[in-house]
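Structure, as structure tokens:
The values are calculated or read from the model by the stated rules, or taken from the named source; none is laboratory data. As the structure is a prediction and not an experimental result, all values here were calculated from the model. Reconstructed Cβ throughout: ideal geometry from the backbone, glycine too, with neighbour counts over all protein chains shown. With ligands, DNA and RNA removed, areas are computed over all heavy atoms of the protein, side chains included. Shrake-Rupley method; radii C 1.70, N 1.55, O 1.52, S 1.80 Å.
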Amino acid sequence: MPHRTELYHEVPPTCWPIVYSPDYNITFMGLEKLHPFDAGKWGKVINFLKEEKLIADDLIVQAREATEEDLLVVHTRRYLNKLKWSFVVATITEIPPVLFLPNFLVQRKVLKPLRTQTGGTIMAGKLAIDRGWAINFSFFSFLFEGVSKATIIDLDAHQGNGHERDFMDDHRVYIMDVYNRYIYPGDGFAKRAIKRKVELDWGTEDTEYLQKVQTHVEGALNELRPDIIIYNAGTDILDGDPLGGLAISPQGIVKRDEAVFRAARSHRIPILMVTSGGYQKRTARIIADSILNLHNLGLIDKELATSDAKNPKPRAEPFE
């Protein structure tokens, strides 16, 4: 049985199934600048979409912070207890000075944003099933509960070894992962969980990349029809990314997202998109442009989402 959670709250039908919180953005004494990731990226994406008049504050679903009980659905208590040590968080976040901070500050300034992002993903999962699609502006994190089958389409440049290890023996979860074979983490054990593995070479460009994405997304959805698609839309595939090692253009990223949403629409499967990695300042604009493109093509549609909110799908019930 699903555990009791406060993360699923009543959402007015006028809201877009777009989940965000200002608490997503990690800012503390400039420490966030010591990591190549732009910790304020998601706020910038939201501001771009506001400038384009696509959304407004009262149309966004506010994320709530995941509790320890929520996190225990996937993580062990032993792992969560480790996060009470600053040196462990410094290692995980790859920001060494975090080691010297009192843990109460680490909890408030580093882990609370991450817990809120997780809470937002959980809420967005419910919205995707209720309304057909949802977007959460955060890293990839998903607590799988309440649906019988899910497909993870992981298009971040890095192998998704975290969720692969989480769902190693969970036959409800089908994982497709497209990644640069030569970069971190190179987790051979976690690869055993991947049902459809696409390993890329250094400098892979648009034509080859998009052909492989389209072919394998279709293959994955033909192989198993899930109740929901969890789409990890990392932008670290962008040409020039210091960690991704691929050479995809901004237009290629827009086309990639379009291909995944078209596949979800043609198969009539709800889709949850999370924006994940991307280590260049220009990725916020690219993410916003991609979402605007999805809207212009009718692949995300407020009227459809609002209609579904008034007549929710029966399969959303297990999430309650």
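See the values below:
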item: Residue count for region 200-224, restricted to those that are free of Cβ contacts under 8 Å to residues at least 40 places away in the same chain and either among the β-branched types (Val, Ile, Thr) or closer than 19 Å to Met168 by Cβ (or both); result: 2
item: Residue within region 152-165 that is open to solvent by 20 Å² or more (accessible area, probe 1.4 Å) and of a type in the set (Asp, Glu) present; result: no
item: In region 1-24, residue modelled with the highest pLDDT [restricted to those that are touching a Gly at 6+ places or on another chain (Cβ under 8 Å) and open to solvent by 30 Å² or more (accessible area, probe 1.4 Å)]; result: Pro22
item: Residue check, Val88 farther than 15 Å from Gly125 by Cα and at pLDDT 85 or above; result: yes
item: Among (1) in contact (Cβ under 8 Å) with a residue 24 or more places away in the chain; (2) under 25 Å from Tyr279 (Cβ atoms); (3) not β-branched (Val, Ile, Thr), the one test that Ser86 misses; result: (1)
item: Residues of region 76-88 satisfying the condition of being closer than 24 Å to Leu101 by Cα and either of a type outside the set (S, T, N, Q) or within 24 Å of the chain's Cα centre (by Cα) (or both); result: Arg77, Arg78, Tyr79, Leu80, Lys82, Leu83, Lys84, Trp85, Phe87, Val88
item: Count - residues of region 190-214 that are open to solvent by 70 Å² or more (accessible area, probe 1.4 Å) and within 22 Å of Phe261 (Cα to Cα); result: 7
item: Filter pass, Phe37 being at pLDDT below 85, of a type in the set (A, V, I, L, M, F, W, C), farther than 23 Å from Asn232 by Cβ and open to solvent by less than 40 Å² (accessible area, probe 1.4 Å); result: no
item: Subset of region 249-279 [at pLDDT 95 or above, hydroxyl-bearing (Ser, Thr, Tyr) and assigned to a loop (DSSP other than H, G, I, E, B)]; result: Ser249
item: Per-region count, region 191-218, residues in contact with a strand residue (DSSP E or B) (Cβ under 9 Å, 6 or more places away or on another chain), assigned to a loop (DSSP other than H, G, I, E, B) and of a type outside the set (Ser, Thr, Tyr); result: 5
item: Filter result for the condition that a residue is touching a helix residue (DSSP H, G or I) at 6+ places or on another chain (Cβ under 9 Å), surrounded by fewer than 23 Cβ atoms within 10 Å (Cβ to Cβ), of a type in the set (Asp, Glu) and part of a helix (DSSP H, G or I), over Asp58, Asp70; result: Asp70
item: Residues of region 220-248 satisfying the condition of being outside any loop (DSSP other than H, G, I, E, B) and surrounded by fewer than 20 Cβ atoms within 10 Å (Cβ to Cβ); result: Asn222, Glu223
